[in-house]
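Right, one structure below, let's go through it.
Throughout, read-outs are computed from the coordinates displayed, never taken from laboratory work. Here the structure is a predicted model, which means the values were calculated and not measured. All Cβ positions, even for glycine, are placed from backbone atoms using ideal geometry, and neighbour counts span all protein chains on display.
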Amino acid sequence: MATRVLVLSDTHIPGRARALPPAVLEAAATADLIIHAGDLVSLDVYDELALLAPVVAVHGNVDDPEVYRRLPPRIVVERDGVRVGVTHGHLGRGRSTAERALAAFAGEEPPPAVVVFGHSHQPLVERRDGVLLLNPGSPTDPRWAPAPSYGWLELEGGEARARLVQLPRR
């Protein structure tokens, strides 16, 4: 049976929204694991999600000092034989957020099969050089994206599949 991983980033609560959308909370309640790729802003989001499923998270570039103290800038987790690197995507070298996210794990042995990142608020599922890239966008602040969004990762037997879920605009 696959491990279902809810993937979030750039929730910006309470700055851009007062709360996570109900659809995100419903999805979280069905997840085996939740990954948050930064810009939570406060630990309230982390704590709320942790009531629903285990959470792995990194800090972003606009998080409160308490978030910076508690969460790392990058982390690698392994589930069902799949290594997943998580970073916000604002640190390091590269012309694009995706390039910076990939660079954050350069030299990691073994390398992650999946890199999850945020920062740009632009949803993306793409393979580059054998690495599955997933930016879930933002469920609360889509900026120039077509809609608010989040992502799902399904991990099973060393394989990873990713998909995006669009939410209605408020």
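For this structure, a couple of remarks:
- Under 5 Å between amide hydrogens, built in the peptide plane, is the criterion, and for HIS36 it picks out LEU8, VAL56, ALA57, VAL58 among residues at least 5 positions away or on other chains.
- Intensity falloff of the chain expressed as log10 I(q)/I(0), Debye formula with alpha-carbon point scatterers, at q = 0.19 Å⁻¹: -1.23
- Relative contact order (%) - criterion: Cα under 8 Å, at least six apart; region: the stretch 74-151: 22
- Each of PRO168, GLY60, LEU49 was placed along the dipole of the chain (beta-carbon charges, centred on the mean Cα), and the one lying farthest toward the positive end is PRO168.
- Neighbour net charge for HIS121 - beta-carbon separation under 12 angstrom, K R +1, D E -1: -1
- The slack between GLU99 and ASP64, meaning 0.36 nm per residue of separation minus the straight C-alpha distance, is 10.1 nm.
- Total charge dipole magnitude, the chain, about the Cα centre, Cβ charges on Lys, Arg, Asp, Glu only, Debye to nearest 20: 520
- Bridge type composition, the chain - antiparallel percent by DSSP, nearest 5: 65
- When only Cα pairs below 8 angstrom with a gap of at least 6 residues are kept, the stretch 3-166 shows a relative contact order of 24 percent.
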